[in-house]
Amino acid sequence: MRSRIILSLLIAVTVVGLSSSAPAAQWHSMDPATYASTIRVSVDEKELTYYRFDDEKPLGFSIEGPTRMKILVRLRLPMSAESGSCAFDVYRDGEPARAETLSSYPSERAFYISLEDFRPAVIRRIYIDVPTGVHSYEIRPRARCKAEARVFRSADDSPSRVSFAPTEYASVETFYYRDKELVYYMAGPEQEVVLDVIGPTSIKVNSRVLYDETMARRQTYVVGVARDGESEMLYKIETEPSETVVCADSDHLVPSALRHFMLEVPGGEHRYVFRVADTLASGIAFNFYIPRGDLLNEP
């Protein structure tokens, strides 16, 4: 029997705005709160400050979401090395969020100002989508790896995301919000919603229930989420009827207000199963958004 972890969520109502074109992302550099030391790296004759970190002194920072972080990482390689690889663990609020393995090779354009026995590797990137609220992050290398990094925050309020369709579901429901048409995928008592995705990425999971005339205004429903058949997470969500969204095909059903939670997806191919764990409604409606750039992920 799959083990379960219960998460209680009170999530703010949000509306995702998507443009037809994707402008280049703008980033602001920021200083991390914790690190081992600083080191100067010359890149194309320009000196830059990088922050050294290791398992004992991880790279740490606090940030208010929703936003997106970009971590530029250079592995520190011995002069004789032709390549290198290092696994990194990402922690959010003290809990493991995901792992990243970065492989690289010596850079021909960069060198350390003060280290003669090592050379910096070509940059690799770690992206982190920060959910709503203030969160603390730590990035720790494994197996005595050593690396340097620079930290950037997205200049936008939230990452550009696009809708991502599941592969299995009970039915499709269409809602109207003002002049916009919203497509949701239903999970019912006998049919789960299945989402196949290639990481690393983050999934924004939007959910609603459909009110009928027998249901009280304040409702609680529970969503079960399992990745690759492993332990199931239970998300307990409180909601109320939406004041602005209506069903396209039914006059007697009212969608609930939007609630969402985030899933951090590790690298590789993964299958997520969303099931109705508890609700008085006939089912739960979902739609999914991932960062636009992650649509090009390869297994």
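The values are calculated or read from the model by the stated rules, or taken from the named source; none is laboratory data. Small disclaimer: the values here were computed from a predicted structure and weren't measured. Every residue, glycine as well, gets a Cβ built from its backbone with ideal geometry; the counts of neighbours run over all protein chains shown.
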Considering only segment 23-79, how many residues are closer than 24 Å to SER136 by Cα and in a strand (DSSP E or B)?
30
Matching option when the condition is in a loop (DSSP other than H, G, I, E, B), more than 30 Å from ASP249 (Cβ to Cβ) and either touching a helix residue (DSSP H, G or I) at 6+ places or on another chain (Cβ under 7 Å) or assigned by TED's automatic domain parsing to the domain that holds PRO120 (or both), among ARG144, ARG150
ARG144
Cβ-Cβ distance below 6 Å, separation of 6 or more or different chains: which pairs start in segment 252-279 with a residue that is within 11 Å of THR239 (Cβ to Cβ) and end on one that is outside any strand (DSSP E or B) and aromatic (Phe, Trp, Tyr)?
none
GLU95 vs (1) touching a strand residue (DSSP E or B) at 6+ places or on another chain (Cβ under 8 Å); (2) under 24 Å from GLY267 (Cα atoms): all pass except (1)
Please verify whether segment 30-44 includes one or more residues that are free of Cβ contacts under 8 Å to residues at least 60 places away in the same chain and over 21 Å from PHE152 (Cα atoms).
no
Note on SER62: of the conditions (1) in contact with a Lys or Arg (Cβ under 8 Å, 6 or more places away or on another chain); (2) within 26 Å of ASP294 (Cα to Cα), unmet is (1)
Expected output for segment 50-71 (first residue without any contact (Cβ under 8 Å) to a residue 60 or more places away in the chain and farther than 26 Å from PHE261 by Cβ, partner buried (at least 16 other Cβ atoms within 10 Å of the Cβ) and charged (D, E, K, R), Cβ below 6 Å, 6+ apart or cross-chain) is none
Quick check on this structure: which one of PHE88, PHE61, PHE118, PHE164 is aromatic (Phe, Trp, Tyr) and under 14 Å from the mean Cα position of the chain (by Cα)?
PHE164
Would it be correct to say that TYR137 is touching a Phe, Trp or Tyr at 6+ places or on another chain (Cβ under 7 Å), in contact (Cβ under 8 Å) with a residue 60 or more places away in the chain, of a type outside the set (A, V, I, L, M) and part of a strand (DSSP E or B)?
yes
